[in-house]
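What follows is a set of notes on a single structure, which appears directly below.
The values are calculated or read from the model by the stated rules, or taken from the named source; none is laboratory data. No experiment lies behind these values; they were computed from the predicted model shown. Cβ: placed from backbone, ideal geometry, glycine included. Neighbour counts: every protein chain shown. Quick note on the areas: whole protein, heavy atoms, side chains included, nothing else; ligands and nucleic acids left out. Shrake-Rupley method; radii C 1.70, N 1.55, O 1.52, S 1.80 Å.
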Amino acid sequence: MNDIAPKIITIPAKNKDELAQERQRQLRVAAYCRVSTDDAEQLTSYNAQKAYYTEKIMTNPGWTMAGIFADEGITGTSDRKRDQFMEMIRQCKKKKIDIILVKSISRFARNTVDCLKYTRALRALGISVQFEKENINSLDSDSEFFITLYGAFAQSESESISANVRWGKRQAMREGKAIIQYKWLYAYRRGEDDLPEIIPEQAEFVRLMYQRFLAGDSLRQIKEELERLQAPALSGTNIWALSAIRSILTNEKYCGDVLMQKSFITDCISKKAIKNIGQLPMYLVQNHHEGIVDRKTFDAVQAEFARRNAKKGATQKTAPTGTGKYSSKFALTERLICGECGTPYRRCTWMQNGKKRIVWRCINRLDYGKKYCHDSPTLDEAPLQQAILGAINSKMSDKESIVCQLSAAAKFEMAPTTDSMLSLSEIEQRLESLGSTFQRLMQKAGDPSGMSAYEEQFRAVATEMSELKAQKAAMQAQLTQNAQAAERVAMFTESLQSLSPHLTAWDESTIRQLVNTVRVLSESKILVALKGGVEVEQSI
């Protein structure tokens, strides 16, 4: 049998141009587009960039489309939240892109560090970033210098724009123009007059929070009550976060005010927001809109927060740092005080003959025995509570006399105590006059060598100004104390009027509202101090 020779097909050799073109056809090209805001003008630019690069890549016979990656309304100062940019980088790491087209360095990144970081990472992968406006190819040997230069310009431009925007916002704050984030503001919505409008259904739950907090409830107890009532939260569910409740109780907007610049952005690159604790001025607009609670209630809640946060530990053993923890379970936990050592009592459960016995005991005695407190008695809970109720009822039967007694005490407390014969306004006028005198003396003295001639006059003016400033500070402190005394009387009177004339059952919330302290004098005597300043000695 004759062998059949195989047929050989000869393929003509390709020239260099054809080989180069074939290699070029394998290039996978992507484009990155970005606009920093969602304004109509910028959205037009955004769509134009996408259309331009789509046509450019698809009409080039040597390129294959690897994707158009576009971030809309996103800043270029950070790679955070730039989802499409990060997706493009992931595709590059998977070797699915050979070239990236970008309009300019500022579109790629306005942060010099990020710009260099990603161009270097892409260069290490052999991927070229081509910036059309600057005519830079990141694979060129001298590209890094120009990328650094133009990147610094872009970052500087962003910082300048950011500074202008911040200045504009702060100027608006000075003029009392408040910007309110309704997305995070519970029980309010934007009204037709562009001011906060109350949502009645949610406002009831806000008032409930304030009432329960002033009645002594903890944030967790308020959370449990809201969830029991199925109150709708901002999240759209009936599950409440403690931080959300705290925010509502400390937000001045709920009494109709707006405090601006409580936090601020450190810089446009990191965009880190920090709490303003005095670095910048704050701007308060009072009576900006209708409040859900009155200012008196709001201030009382802030004072209660301060009281709870400043609570001291009973002993070094139980609170080594000196800071105690607020307890909302039992009203007497913070109010029952040892008459011998001044330490609070603690509620204890003892077992005797298989039976429980609820007692209150001085914490010093519990922690250290008789080392610091020798004779403080142990008090059974039930007789103690009955004695306290008896002390309250002895005064509740004659509310009017208590109110008169409190008013007299308040007037005595608010009586002037300073020796100054000048009013506050007269002191202000005298200080202003002395300031002008001081300036005139400075002009007469001229240089430091001439001040010796006016030394006595300088000393006299400085002494009088110092004395007047001390008098002014004392008068302002007294005015503050007067306001606080009047507030205490008003709140206690309101509590009295709302309660029945005879308390028959122990209620933790009621005791918190009425009782300031209970001092244990002996095994059979206690001194009950009501919140208005009335004291009652009661037998157990």
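The table below gives the values:
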| quantity | calculated |
| --- | --- |
| Estimated FRET transfer efficiency (L208, M465; beta-carbon r; R0 60 Å; 0.05) | 0.70 |
| 25 Å Cα-Cα threshold exceeded, pairs from K117/K275; K371/K531; K50/K94 | K117/K275; K371/K531 |
| Accessible surface of segment 331-383, 1.4 Å probe, proportion on carbon and sulfur as whole % | 47 |
| Tensor-based shape of segment 171-265 (alpha-carbon gyration tensor, a/c under 1.5 rounded, otherwise prolate or oblate) | prolate |
| Rounded percent of accessible protein surface that carbon and sulfur make up, segment 91-239, 1.4 Å probe | 51 |
| E197-S235 FRET efficiency (beta carbon distance; Förster radius 25 Å; 0.05 resolution) | 0.75 |
| Förster radius 22 Å - calculated FRET efficiency between Q352 and W506 (Cβ-Cβ, nearest 0.05) | 0.45 |
| Above-threshold pairs, the threshold being 29 Å between Cα atoms, out of K177/K472; K253/K395; K81/K133 | K177/K472; K253/K395 |
| Spacing of the two label points (7 Å from each Cα toward its C-beta) at E144 and E227, in nm | 5.6 |
